[in-house]
1. Excluding residues on the same chain fewer than 8 positions from Lys197, give the aspartates and glutamates whose Cα lies under 15 Å from its Cα.
2. In whole Hz and in residue order, list the ³J(HN,Hα) couplings for the range 169-178 that follow from phi through the Karplus curve 6.51 cos²θ - 1.76 cosθ + 1.60, θ = phi - 60°; x for Gly and Pro.
3. For Lys215, give me every one of the lysines with a C-alpha distance below 25 angstrom, ignoring sequence neighbours fewer than eight places off in its own chain.
4. For a quick check: with amide H placed at 1.01 Å from N, whose amide H comes under 5 Å from Val171's, ignoring anything fewer than 5 positions away on the same chain?
5. Quickly estimate the mean residue ellipticity at 222 nm for the chain, helices only: each DSSP H run with n ≥ 4 gives -39500 (n - 2.57), and the total goes over all residues, rounded to 500.
6. Cα extents of the chain along the three principal axes, largest first, in whole Å?
7. As a test, work out the antiparallel percent of DSSP beta bridges whose residues both lie in the chain, rounded to the nearest 5.
8. I'd like to compare 68-77, 9-18: which one has the highest average count of other Cβ atoms within 10 Å, and what's the full order after that?
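Where a number appears in this text, it was derived from the coordinates with a stated rule and is not lab data. Because the structure is a prediction, the values reported are computed rather than measured. No Cβ is skipped: glycine too gets one built from the backbone with ideal geometry, and neighbour counts run over all protein chains shown.
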Amino acid sequence: MQTIDLSQESLRDLNKTLQSQPPDTNQTAWEVLNPKGSHALAVGLDAPITVTVRGSTGYYCAGMNKQATVIVEGNAGPGVAENMMSGTVVIEGDASQYAGATGRGGLLVVKGKASSRCGISMKGIDIVVHQDIGHMSAFMAQKGNLVVLGDAGDALGDSLYEAQIFVRGAVKSLGADCIEKEMRAEHFSLLSDLLEKAGADARPDEFRRYGSARKLYTFDIDNADAY
């Protein structure tokens, strides 16, 4: 285990060290002490390493992540895992606004609650929230899956494209063009896999699925593969 203490080293040096790890590094386990809500911590990683942050973080933790596993033993500020490409980000506490924004791949797990606009403009990321999410979540979400074990706030899935939303609890209201859809065999299989990966204690048959009514943009089912 490699340890970096932010009470003794700078955030810039921390990120430089983590970003410089090659794909074949043998230094795969890292821990960060005394994060003290630092912004842009563990951003731009591109190696199969595991970074455990012993405390809460500020804005944009684990942004642009590729390959790495980042575990935050606390809460995360706005924009955690923003523009994530691959790998896994786990928040043991709560996440603030726009968690997983514009994410293109990988898995984001929030074991507490997520605030407003969770998954805004997501483009392929999978997000699993163990508790509730705030209003306008999955706004303009294009691709990927948002799984919510708790309740969802107002305007869920507003202006949705082809992302899928699965909610176990109550939905306060649906946004423009977002509707409830049938749960088919492939959705149960997908949801089961995501719940297992996220360590979530829930059954797929407890969820409802929401998606786009496809009324707000030009869509032709015959050209679905092109979207």
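1. Glu92, Asp126
2. x, 8, 10, 5, 6, 9, x, 4, 6, 9
3. Filter leaves Lys123, Lys143, Lys172, Lys181.
4. Counting only residues 5 or more places away or on other chains, the set is Ala152.
5. -3000 deg cm²/dmol
6. Between the extreme Cα coordinates on each principal axis of the chain lie 54, 33, 28 Å.
7. 15
8. Packing order, densest peptide first, comes out as 68-77, 9-18.
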